[in-house]
Each structure stands twice: as C-alpha cells, then as structure tokens.
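The values are calculated or read from the model by the stated rules, or taken from the named source; none is laboratory data. The shown structure was predicted, so the numbers you read here are calculated from the model rather than taken from an experiment. Heads up, the Cβs are rebuilt from the backbone with ideal geometry, glycines too, and the neighbour counts pull from every protein chain shown. Surface areas here come from the heavy atoms of the whole protein model, side chains and all, with no ligands, DNA or RNA. Shrake-Rupley method; radii C 1.70, N 1.55, O 1.52, S 1.80 Å.
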Amino acid sequence: MNLLISDLVDRSITVPSNGIENFTNKLTINIKIPIYREFFKTKRNIHFSIILLVLNVKPAMSPIVAQNLSSNNDSSTPYLQHSLELIASESSTATAPSSTLGQLLQHVGDTRKEATGDQTSVHELLVDISEPHPIPFVLSFNNLTYSVKVPRKMALPGFFRWSGGSAAADAAVVGNPLAAGDSYFTRTKILLNDISGEARDGEILAVLGASGSGKSTLIDALANRIAKGSLKGNVTLNGEALESRMLKVISAYVMQDDLLFPMLTVEETLMFAAEFRLPRTLSKSKKKMRVQVLIDQLGLRNAAKTIIGDEGHRGVSGGERRRVSIGIDIIHDPIILFLDEPTSGLDSTSAFMVVKVLQRIAQSGSIVVMSIHQPSYRILGLLDRLIFLSRGQTVYSGSPTNLPPYFSEFGHPIPENENKTEFALDLIRELEESPGGTKSLVEFNKSWQNMKHNRDSEPDQLGLSLKEAISASISRGKLVPGATNDINSSSMVPTFANPFWKEMVVLSKRSILNSKRMPKLFGIRLAAVLVTGSILATVFWQLDNSPKGVQERLGFFAFAMSTTYYTCADALPVFLQERYIFMRETAYNAYRRLSYVISNALVALPGLIFLSFAFAMATFWAVGLDGGLSGFLFYFLIMFASFWSGSSFVTFLSCVVPHVMLGYTIVVAILAYFLLFSGFFINRDRIPGYWIWFHYLSLVKYPYEAVLRNEFENPSKCLVRGIQIFDNSPLGEIPSAMKVRLLQSVSKSLGVRITRSTCMTTGLDILKQEGITDLSKWNCLLITVAWGFLFRILFYFSLLLGSKNKRS
C-alpha cells in the first residue's frame, strides 16, 4: 500500500523485534535506498518518522537525483542534524513517552524553516511499504543464431576431395557443420548458435571466451547491430520485443576503440555529450552539474581539464580515455549499456577501475552487458552473471559463484588457489583442440541449466510492462532523453533529445572549438593558397592587352580555377577522422544526420571566405585583370563559389571512399578530368560527341567561363590592333615596316581601311573563339554554387545510407 506521510500524523508504527529485519528489507527494496539497520536493533517501538530521518539517500539513487540532493546538502544539514539528535535522545530514554509522528514532523519542519526558509511541508512524501517492488527491467534473449557466408579455400586437392563426396571430412576441416546453403566456393560459418540468457538491471552480465568465440557478435546482436533478416531468435525487454527506435533512445553502445576528438578536454567532451543526449527540459546549469557528478563517478577529476590527446599531442592516459568513452555514452543515464571489451589494452589497475565504474552504473538502475577477454580475480568479484562462449555456443551461463560446482560436476574441479575464469578458459581451449571439441561441455551446460531451472522454479516477481517500467524509471530520475512519464503517450520516448536548431548549434560549437585548438591545419592551407597566388602573380605580372597577353590570361585562369579545387583536397581527411565518431553518435540518435551536414557546411564557410579573399587579393591587381572594383568583387565571388563547390565535392567523396590514400588518388584523377574537359585545352565545339557530357559535368568549366566573361565581355576593350594580328603567326618575327605594308595590302584586297591602331579583336571575339557563348557570368556563378549544394545533398544521402552501422 502507499502511505502518505500526512495520513500518518499522530499515528505510530510499532515493529516487533522479530520483524525488524523483514520490515527494513521491504523499505530498502521499495524506496531503493539503504537503511541504517543497526538503529532498529536498539529500540522495539519506533516511529515511522525515525525511519524516514535515518535514510541515506545518495548512493543508490539516479545520478541526477543524487546531484540535486548534493547541491542542497549545505542547507539541509542543520535541521537533519537536529532531527537525528532528537532521535538519539528518544532512543536513549527507554521509558520516555512515545511522541507522535505529527509532533516529530512538526519539530523537523520548524527546524527546517529556521535553517533554510523553505515553507514546504515535511508531510508531503509518498512511500510504498506494501508489496516488494518488481524488478524494473529484464533483458532476455532466446535462441539467437547468426551465420555468414565466407569464401571457401580452393586449394586444388581440397576441391577434388570436396567434389568427390567427402563432404563430412571437409566440414570437419572447416570446423562447422555443412549447411544447406554451402557451395563449391562458399561455406556457412556459424558465429552464434542457439544462445539464450538474460540480464537484469542492477547487474553486470559479462560475455567471456577466446578470440573468435563470438563475444562481440553476441553484443552486436543484443544491441540491434545485426540486420533483422540475418539474426534468428528474439531479444526482449520485460517480455516485449525491442523496437529499433526505442532501443536507440534507452541504450548506449561503447565501442572497443576510443573514438574521441583529440583537442577537447575531458570536461568539454562530456559537456558536449550532455548537450546532445540530456533532455531539452534540463537547464544549462543542471547539465553542467550532471557532468561534474559524472566526472567524479568516473574518477576523472584530476584529468577534467586535460585534453584527450593523440599521437602528436600528449593527453590523458589509456585508462582515462576508456572511462571518457564510457562517460559520453552514459551521460544520459541509459537503461541498457552495451560495451565491447572495455578493458582491452588496459593494465590490471585501470581495467579494475573501469569495471568498478560499470558496477556503479549498474547499481544506479541500469543493465550492463559487456564482453571481456580474461578478467582478473578482482574484476570477477564485480560481475554478477557470466556467459562463456566457444565457437558461437554457450558452454556456461550463470553466476561466478557457481563456477566451482559446475566444473566439479563436469569432472574438472577448479583448484583452490587458481583464478576461476582462467581455469575455465584454459579448459575450453583444451577441449576446442581435442577431436570432440566442446560438444560434451555444451551438452553438459544444457543439462545443468535444465536441472537448475527445475530446482529453482520459484515464481518470478511481478514484472512491469516496458512502458510502465520506463515511466517508473523516469519518475525515479532516469535521464531518458526528453522523455515523459506519461505511459499513454505515443511519444513517451522521442527519437531525439533536442530540436534541429539546437543540434546544429552544438555541433558547430564543437567543431569550431576543435579547429581552434589545431590552428596549424588552417595555417598550412592558407599558406598554400598564398604561395600559389604569389607564384601566379609574379609569373603573370601585369599582363598587357596583346595576343600573347590574351593567351597568358587564358592560361592563368585555367590554372587558378583548377588550383582552388586542388587546394580543397585537404578537406578529405577531416571527415575521415570524424567518420567513426559520427557513426557512434548517430547510431543511438545523439543528433540528426541533417544537423551534422548543415553544421559541417556552416563551419566551413568562414574559412572558405577567408581563403577566397586572400587568393583574390594576391592575384587580381598583380596580374592586371580588368573590371576595376566591380570586377574584383565578382572575381572574389567566383573564387568563393569554386572553393565552396570543391570543398563540398571532396567532403562527399570522403564519405564514399573511406581510405585517405585511395581518396587522394581519386580526387586528383577526377579533378584532372574536370580540367581536361573544362574548355581550356580543347574548345567545346571540338570535343567528341561521346565525351561532351563530361564537359557539362566538369566543375572547372563554369568558374573558368565565368572569369573569362568577367575579363573579356567588355565590348569596348580592344585586345588586338593593326599589325598585332601577325604576332601569333610565322610573320610575327618580320620587321614592323614590313608588317605595315602587308597590312596595307590586306586593306586594298578587302576594300577596308586598316591602320596600325585599328581594333582587330575585342573581348567578345575572344569569347566566341573559346566557344563561350551559352551562359552569362552570373549564371555560371549560380551553377557553381548549385554544384556545392548538390554535393552536400549527396553527402547527406550517403551518410543516411552508408552509416547504418549494422552487420549484414
């Protein structure tokens, strides 16, 4: 039953001495907080108020509740201290008349008002002291089976032996039973074979086994990281099948590799995780408080201001990095936490500290499922349930305390001074190498489980439905992102914790902060642009308006436009470095993929603007380009559009090609093709019809034509006068007097008077010669910008389709 404290005023609860232990046990179960039971042994008749006042609320409550209480500790100390003194005085007076609950609460309330000024009534408290609270969450998995097709080794003698009918011998060689889907070229490899078990909140389930036994595969199966069509069996939470959307919100997956931004500090890393994963209803101060509590919980206080670090920057230790990786995934207090070998690569002390942290997480009301290779004796004492795997089959499932009787009954007792798990793993390895394999141990485990089930077949405690359990968990302080405790609401657990714009702001802030800590990257890029611009400026210094000047301008524009695209190639490793961080964060709905795409573009824009302006300033007036201020502004805009489209193209390519060296090779090759078909080396009219499509797909074509129009579309600008028409011909070397006479002869033949100053070729004539007649310079600018947006859209869809993070 539920007792409201205000209903107990002027009533006493008398607990017999032989019922004290049972009574305190019930209270501990229901309120989920430990009770100082020693006090109850000193007094037979106790008031309910005394029970309430001797509760220690911090250790077992949800972290957010604990931190709220801890923030008020200073103010609550006076009246609690006074109340405890009152209790002590009651206890010491055996014959003293028993005060009523109302009197005690009144006294506590008066003291509380004097100490804090808080007018809240002390009577307003609800406690369930009737039925034992059911276990909130039970993750069950039954008959999980998963297999993949692998190429068969086609050694010639083995081929004839297989095709000759000795299939059984071949199956024995590969170590797996022959499946119906086997062929001459592939065989079926069973990674999981009929795995069953369960994990409960407050406990750590550890999956053990040798390398290749299926530990990581089982964790992936439970975490919904295997495609539904490939995995057989079922995984349920509180008896209900877990939807992918629900699992993403209430769970977290810690990968084996520590995927973190190297230039962020521990505190900043956790704070950004809090911004992504904590409910939008929490204030900034509450989120900061949660981060500080988590830092203490993870034992990272001394490293809070230290950067994560990488190969080139000294940062935190390996054990601290691992705890930070765990911290960013538990910041939202997930109901289920999956970890793939969290102790891998750590020394024994660091590994123990990591598992100790996981134990505290479990005790706060979470289910913790982890794989571990070979736990030490101390770590074994922290684990609640074990599953030993051998080649995808269960050879033991149960408590660590049942390991000695289990192997004793199997006929291999564990020596007293030997590590239980080391003995078990060594025995399993010996059996795997024996002719019969681990079949005997697998069969023994099945009979052991059946016998144990029959012996312990007591009715389970009343369980909660999934929605009710989540609602109760939220009420208890669980930080399910953005959730409400309305179990009738269809959106009780939303897909994302934050709105779209909030995600963009946080992503942009993180990216800018990480980039500011690595100024060398942008500095090198700026230096490359300035050096290139300076070389071009000095080589093409102050070009004149002559036929040779025209050709030199064409060469300058072609090289300048292609340089902007090649300079963007350095953006290739940027996303490749963030790729797995992005996949980890979006796999469990930390933010939307669209938010990442837009923030990635927005953060890139200031740098592109600065690079464009630097290149335009270094080349425009030095080369002697035409157009004045308006011409410079357009030149700057087309440079910026080129950097924008080039950066977008390389970003899209980095998502499609996941390797740096291969990506650079593809970028350089494609940009060379773009330049080839841009119209500089061969005019559009001369390109073969079967290649003309590539001319219109060339990214260099449009900015190249735009700068040519910006330079040559002035009809009053004369580029070739009189005798200059002979400059690009074999007659260019003859004396000027001879050129004048030749010009006069041409004039008489044509019947047109041509002098030394007669304009023979204007800018429009150059554009016609180059085949640039279709698009205006502003259309070319808009198309170049549109290419950038198109590649950003393709980048989004490639993220959407290529980051499922699931096994097939």
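Points to keep in mind about this one:
- In Å, descending, principal axis extents of the Cα set of region 203-249: 32, 29, 19
- Sequence-distant residues sharing a close amide H with THR761 (under 5 Å, placed H): LEU719, VAL720
- Exposure rank, largest accessible area first [TRP693, TRP448; 1.4 Å]: TRP693, TRP448
- Between the alpha-carbon centres of region 747-808 and region 625-674 there is a gap of 14 Å.
- Members of LYS189/LYS452; LYS284/LYS467; LYS149/LYS215; LYS548/LYS717; LYS228/LYS446 lying beyond 21 Å, as alpha-carbon distances in this model show: LYS189/LYS452; LYS284/LYS467; LYS228/LYS446
- Under 5 Å from the amide H of TYR396 lie the amide H atoms of PHE388, each residue being 5 or more positions distant or on a separate chain, with H modelled from the backbone and absent for Pro and chain starts.
- Local electrostatic count, SER736, Cβ distance below 15 Å [Lys/Arg +1, Asp/Glu -1]: +2
- Whole-number D in µm² s⁻¹ for region 653-808, Kirkwood Cα-pair radius fed into Stokes-Einstein, 20 °C, 1.002 mPa s: 110 µm²/s
- If you take all other residues with their beta carbon under 12 Å from the beta carbon of LEU466, and give Lys and Arg +1 and Asp and Glu -1, the sum is -2.
- Relative contact order of region 384-452: 31 percent, from C-alpha pairs under 8 Å at least 6 residues apart in sequence.
- The heavy atoms of THR306 offer some 50 square angstrom of accessible surface to a 1.4 angstrom probe.
- Computed P(r) (all Cα pairs; region 576-673; 10 Å bins; percent): 13, 33, 30, 16, 6, 1
- Exposure of LEU282 as accessible area (Å², to 10), given a probe of 1.4 Å and all protein chains: 40 Å²
- With one equal scatterer per alpha carbon and no solvent term, the Debye-computed log10 I(q)/I(0) for region 488-559 at 0.22, 0.28 1/Å reads -0.97, -1.16.
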